[in-house]
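Down below is the structure, laid out as structure tokens.
The values are calculated or read from the model by the stated rules, or taken from the named source; none is laboratory data. Just so it is clear, the model here is predicted, and its values are computed rather than measured. We place every Cβ from the backbone using ideal geometry, glycine too, and count neighbours over all the protein chains shown.
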Amino acid sequence: MNTRGLRSQLKDSVPVTGLCPQAGSYGVQDSLRRGFSSVKNELLPSHPLELSEKNFQLNQDKMNFNTLRNIQGLHAPLKLQMEYRAARQIQRLPFLPSSNLALDTLRGSDDSIGFEDILNDPVQSEMMGDPHIMTEYKLGVL
Amino acid sequence: IMATVSVCQYHRGGFSFENCKRNALLEADINKLGFSSPAARKTGTTICGVVYKDGVVLGADTRATEGMVVADKNCSKIHYISPNVYCCGAGTAADTEMTTQIISSNLELHSLSTGRLPRVATANRMLKQMLFRYQGYIGAALVLGGVDSTGPQLYSIYPHGSTDKLPYVTMGSGSLAAMAVFEDRYRPNMEEEEAKRLVRDAIAAGIFNDLGSGSNIDLCVITKGKVDYLRPHDVANKKGVRTGNYRYKHGTTDDTTHHTLTCFFPL
């Protein structure tokens, strides 16, 4: 696989935290919880779309909020972001699936279907996250 | 429980890139041994569309190939998007199938929300935004046609997300053959029979001159309030009928004596 093109997706100065799965709480590799690491795995994305897909929702929101700010002023995105933050807090326990109904309604994704609803539906996944570890991670004690 | 690799956050749906590196390594290993990995099923294809006086006519052949082998002799390439919008798909068969189904669902939800018949331009915009998001990795080249409140419209959509709104379009490996027929005989505001004949001839040109297209010709005529899905419109390539039979007729006498001849073949 030609990895030259993928290198352009790296930012030289900003650490690409999304792509370093091995970093534990102190920034060093966490072999116990995340397995063995290899430089090649961490430095380059495995697919050109990986980074853009991971950040897609974020980037869309940023773009929309910017447009909204330019059209209606600062108050509009501020109020909306407050509502998003409130809606994001309505969750079940960390290892259980939440419907995210309020968040979906706010975003307008309750009347659209995308690949995230068809492929790899988390409700139908065969494996479940370990409840203890996920709760500890959520509480920050991990 | 895999204690060394644990998931700390609830995982989202959508595409998963976990196996990409493994696949790349496997591909390299297989190529080193001299074999080739299985090819995705493509639809080779000739698809085309034309705008005539009262609406649009979409046409497609019906062959799906998997490398150099015909995988499906009679596959349906004209997909339903909404009651007044249909879409022909060329490229990777699974990609066109899933893309058109997703857009069809989204368009249905959207039209329920607006309370109106969906527009072709809406479907076009949804398709182009999705295909651009995936930067051409979804190999779906589409010809989208339909009739809505603004009249008959025809769009061609390329896998990277660019679209063209034109009176006649062709896509697929047989597109050049079909376009040659269109360039010769197209004129604006044709009658329905003439338009159907033109599309049928364009697809036939693709079928007979391109290896990736073959079998029958499907047509879809969309007018205001009516859709004619003609499948098959024309069976251009009939499979041959066997002229002889090696079976013995009933009542043939059985031969019970055996004669053995030894022949020497110098090797």
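Conditions tested, residue by residue: (1) of a type in the set (D, E, K, R); (2) over 12 Å from the mean Cα position of the chain (by Cα); (3) at pLDDT below 95.
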| residue | (1), (2), (3) |
| --- | --- |
| B:Asp61 | yes, no, yes |
| B:Met68 | no, yes, yes |
| B:Asp72 | yes, no, yes |
| B:Ile81 | no, yes, no |
| B:Ile102 | no, yes, no |
| B:Asn106 | no, yes, no |
| B:Ser111 | no, yes, no |
| B:Val120 | no, yes, no |
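Considering the range A:29-110, the qualifying helices (runs of 4 or more DSSP H), each wholly inside and each with 2 or more residues that are loosely packed, with under 15 Cβ neighbours inside 10 Å, at pLDDT below 85 and of a type in the set (A, V, I, L, M, F, W, C), run over A:39-43. Among the residues of the range B:41-53, is there at least one that is over 22 Å from the mean Cα position of the chain (by Cα) and at pLDDT 85 or above? Yes: the range B:41-53 contains one or more residues that are over 22 Å from the mean Cα position of the chain (by Cα) and at pLDDT 85 or above.
When B:Leu109 is tested against (1) surrounded by fewer than 16 Cβ atoms within 10 Å (Cβ to Cβ); (2) more than 14 Å from chain A (Cβ to nearest Cβ); (3) hydrophobic (A, V, I, L, M, F, W, C), only condition (2) is not met. Among the residues of the range B:20-61, those that are touching a helix residue (DSSP H, G or I) at 6+ places or on another chain (Cβ under 9 Å) and either within 8 Å of chain A (Cβ to nearest Cβ) or free of Cβ contacts under 8 Å to residues at least 12 places away in the same chain (or both) comprise B:Cys20, B:Lys21, B:Ser36, B:Ser37. Checked across the range A:126-142, the condition of being out of contact with any strand residue (DSSP E or B) (no Cβ under 6 Å at 6 or more places or on another chain), in contact (Cβ under 8 Å) with a residue 60 or more places away in the chain and either closer than 30 Å to B:Leu112 by Cα or at the interface with another protein chain (Cβ under 10 Å from one of its Cβ atoms) (or both) holds for at least one residue. For the range B:112-143, a residue qualifies if it is over 29 Å from A:Glu50 (Cα atoms) and buried (at least 19 other Cβ atoms within 10 Å of the Cβ), and the qualifying residues are B:Pro118, B:Arg119, B:Val120. Within the range B:89-104, the presence of a residue that is surrounded by 24 or more Cβ atoms within 10 Å (Cβ to Cβ), part of a strand (DSSP E or B) and in contact with a Phe, Trp or Tyr (Cβ under 7 Å, 6 or more places away or on another chain) is excluded.
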